[in-house]
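Asks: The structure follows.
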Amino acid sequence: MAERRHFDGIIVVGAGLAGLSAALAATERKVLVLTGAPLTQGCSSAWAQGGMAAALSPGDLPALHAQDTVLAGAGLVDPVMAALLAEEGPEAVRRLAGLGAPFDRTEDGDFAQSLEAAHSRPRVARVKGDQAGRGVMNALVKAVLSAGHVEVRSGAVLRGLLQAVCGAVCGVVVQMDGRLVEITGQAVILATGGIGGLYGVTTTPAELQGDGLALAALAGAQIGDPEFVQFHPTAIDIGRDPVPLATEALRGEGAKLVNNTGEVFMTAYHAEAELAPRDVVARAIHAERAAGRGAFLDARAAVGDHFPEAFPAVFAACLSGGIDPRIQPIPVVPACHYHMGGIVTDAVGATSLPRLFAVGECASTGVHGANRLASNSLVEAAVFGTRAGRDAANLTPTSITALHRILLNPLPSPTLLELRQAMSRDAGVLRDAEGLLRLLGLIGRLEASHGPCGALVAARLVADCALARQESRGSHFRQDYPGQMEPARTLITLKDGVMESRAA
Ligand code: SIN
């Protein structure tokens, strides 16, 4: 029998930018933030290099940012949500700057704006080149720790949800201090991040294995577009797990992709060359590597001697792998980077289940469609995290009735490794029915021996929906279905762990 505690307020699970933005914004209530890792660790936000996309310069407009977001999303972006993101993005950046995030500035004191792929103009606010995530998170953590209404409990690993008969989610089950503890509250905001830890090659913290997504799905929340997984083209191939990133901003600065013959190959794949949409660049690099030609990011001319000050995180990662990017091209590999799919929410982060909210990468707001525009994730986390926190704080208090416990089993490490390798091979940059069926066979066998594990539920959502989507769109490329159908989102719910309804 697990110990049960009551928290008279809102429970936020996850302490990345989205979770902490929600916590900080819910000023009307007490907030308990639960996180497995210490603050600033175990979340992708702190690892983000690129920055925050927002129309902050005089020549830019939110409408143009929204337009680029819609275009990048390959037909599946909700234009209303994209407009909201673009309208509220500048204020989100200013708010974080006000908390102390040290964004790069022009000589006039304005936000310096960088160019990244598929943006029609320079629009990315950065911190010391590639330090955006760290700079923003350090400022936010400081603000959260001094906010009187927020309590943070680290070392609390999400294991389950508590659901009332009416479907409302009024609590969580966490593993802390070596035992399971049930904590009830007025509402639960999931900010549990993405699914990078399900892939053999990932740029995100390994512990992000889709547990929040899996629990919400098992509780019956609507899930959207789980098949859309973004692969970053230029992770640094130096044998590290997770693989460090070489930010897209390097290509924005003019770095070129070359193969082992020295050929600059991107022009053969897309007119925009290095600044083509991320999925196109990832497939081109995959193709060069598969053909035995290798792929390298050559920043010698574009950045050269400025590397240590201009991109300190990339520079340090390269040196740790024995590469000096001032004088050597950087070996690169596509890596799982971001999950566009997630728990379907409205504009205030509310899911289809009462009192359950989702924010950040585990959510599907409709902003990213089939392909997220570069540097839209931090800004989405800040904008929609804040909206969700405010909304959850305004919920009418409820009395907790009988609660049903939805619990996940942990997946043993060797089994997780087998799953990760299979996900990268069969649900990666290129997909086909043969590989996806092989993957689903493996998931089925693992489910039979390990029961409901978050990693397996999340992996099945990706694989099932990737198999069902018989077209190529954005980040989802089916070698056996290279064409496109009418654009339609995947919207699914599970009942008793099995897909109950599917509407694409
Ligand atoms: C990057 O810096 O290339 C990553 C930015 C992003 O994923 O939006």
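The values are calculated or read from the model by the stated rules, or taken from the named source; none is laboratory data. Bear in mind that the values here come from a model prediction, so they are computed numbers and not experimental data. Positions of Cβ are generated from backbone atoms using ideal geometry, with glycine treated the same way; all protein chains shown enter the neighbour counts.
Asks: Might you check whether a residue that is without any contact (Cβ under 8 Å) to a residue 40 or more places away in the chain, more than 16 Å from the ligand (Cβ to nearest atom) and of a type outside the set (S, T, N, Q) occurs anywhere in region 328-345?
Replies: Checked against the condition, which is being without any contact (Cβ under 8 Å) to a residue 40 or more places away in the chain, more than 16 Å from the ligand (Cβ to nearest atom) and of a type outside the set (S, T, N, Q), region 328-345 yields no hits at all.
Asks: Please determine whether any residue of region 66-78 is at pLDDT below 95 and either more than 15 Å from the ligand (Cβ to nearest atom) or of a type in the set (Lys, Arg) (or both).
Replies: Scanning region 66-78, I find no residue that is at pLDDT below 95 and either more than 15 Å from the ligand (Cβ to nearest atom) or of a type in the set (Lys, Arg) (or both), so the answer is no.
Asks: Could you tell me which of the residues VAL124, VAL172 is within 16 Å of the ligand (Cβ to nearest atom), in contact (Cβ under 8 Å) with a residue 40 or more places away in the chain and touching a Gly at 6+ places or on another chain (Cβ under 9 Å)?
Replies: From the options VAL124, VAL172, the qualifying one is VAL124.
Asks: It is to be established whether one or more residues within region 88-100 are among the aliphatic types (A, V, I, L, M), farther than 27 Å from PRO233 by Cα, in contact with a helix residue (DSSP H, G or I) (Cβ under 7 Å, 6 or more places away or on another chain) and surrounded by fewer than 17 Cβ atoms within 10 Å (Cβ to Cβ).
Replies: yes
Asks: Restricting region 226-240 to residues that are away from the ligand (no atom under 15 Å from the Cβ) and within 15 Å of the chain's Cα centre (by Cα), which is nearest to ALA282 (Cα to Cα)?
Replies: Among residues in region 226-240 that are away from the ligand (no atom under 15 Å from the Cβ) and within 15 Å of the chain's Cα centre (by Cα), the one nearest to ALA282 (Cα to Cα) is GLU227.
Asks: Kindly evaluate SER413 against the criterion of being more than 20 Å from GLY51 (Cα to Cα), surrounded by fewer than 24 Cβ atoms within 10 Å (Cβ to Cβ) and out of contact with any Phe, Trp or Tyr (no Cβ under 9 Å at 6 or more places or on another chain).
Replies: When the stated conditions are applied, SER413 passes them.
Asks: A further question follows. Considering region 15-41 alone, what residues qualify as being polar (S, T, N, Q) and either under 13 Å from PRO205 (Cβ atoms) or not in a helix (DSSP H, G or I) (or both)?
Replies: The answer is THR27, THR35, THR40, GLN41.
Asks: Does VAL12 count as assigned to a loop (DSSP other than H, G, I, E, B), among the β-branched types (Val, Ile, Thr) and within 29 Å of ARG489 (Cα to Cα)? Spell out how you get there, then give the answer.
Replies: Values: assigned to a loop (DSSP other than H, G, I, E, B): no; among the β-branched types (Val, Ile, Thr): yes; within 29 Å of ARG489 (Cα to Cα): yes.
It is false that VAL12 is assigned to a loop (DSSP other than H, G, I, E, B), among the β-branched types (Val, Ile, Thr) and within 29 Å of ARG489 (Cα to Cα).
Asks: Can you work out which of the residues in region 241-259 that are under 20 Å from the mean Cα position of the chain (by Cα) and not in a strand (DSSP E or B) is farthest from the ligand (Cβ to nearest atom)?
Replies: ASP241
Asks: In region 127-154, which residue that is surrounded by fewer than 22 Cβ atoms within 10 Å (Cβ to Cβ), charged (D, E, K, R) and more than 16 Å from GLY14 (Cβ to Cβ) is farthest from the ligand (Cβ to nearest atom)?
Replies: Across region 127-154, the extreme among qualifying residues is LYS142.
Asks: Out of ALA117, ALA147, ALA97, ALA143, report the one residue that is more than 20 Å from the chain's Cα centre (by Cα) and assigned to a loop (DSSP other than H, G, I, E, B). Steps first, answer last, please.
Replies: Numbers: ALA117 fails: more than 20 Å from the chain's Cα centre (by Cα); ALA97 fails: assigned to a loop (DSSP other than H, G, I, E, B); ALA143 fails: assigned to a loop (DSSP other than H, G, I, E, B).
Answer to the check: ALA147.
Asks: Check LEU39 against each of (1) under 23 Å from MET137 (Cβ atoms); (2) in contact with a Gly (Cβ under 9 Å, 6 or more places away or on another chain) and name the one condition it does not meet.
Replies: (2)
Asks: Among the listed residues LEU395, LEU378, LEU373, which satisfies the condition of being surrounded by 24 or more Cβ atoms within 10 Å (Cβ to Cβ), of a type outside the set (S, T, N, Q) and more than 20 Å from ALA46 (Cβ to Cβ)?
Replies: LEU373
Asks: I'd like to verify a number: residues in region 64-93 that are in a helix (DSSP H, G or I) and either free of Cβ contacts under 8 Å to residues at least 12 places away in the same chain or not small (Gly, Ala, Ser) (or both), how many? Please lay out each step first, then the result.
Replies: Initial filter on region 64-93 (in a helix (DSSP H, G or I)): 64-72, 79-93.
Keeping just the survivors that are either free of Cβ contacts under 8 Å to residues at least 12 places away in the same chain or not small (Gly, Ala, Ser) (or both) gives 64-65, 67-71, 79-81, 84-85, 87-88, 90-91, 93.
Of the residues in region 64-93, 17 are in a helix (DSSP H, G or I) and either free of Cβ contacts under 8 Å to residues at least 12 places away in the same chain or not small (Gly, Ala, Ser) (or both).
Asks: With away from the ligand (no atom under 16 Å from the Cβ) and touching a Pro at 6+ places or on another chain (Cβ under 7 Å) as the only criterion, which of GLY42, GLY59 stands out?
Replies: Of the residues listed, the single one that is away from the ligand (no atom under 16 Å from the Cβ) and touching a Pro at 6+ places or on another chain (Cβ under 7 Å) is GLY42.
Asks: Does region 42-63 hold any residues that are outside any loop (DSSP other than H, G, I, E, B) and either within 22 Å of the chain's Cα centre (by Cα) or crowded, with 23+ Cβ neighbours inside 10 Å (or both), and which are they?
Replies: Scanning region 42-63 gives SER45, ALA46, TRP47, MET52, ALA53.
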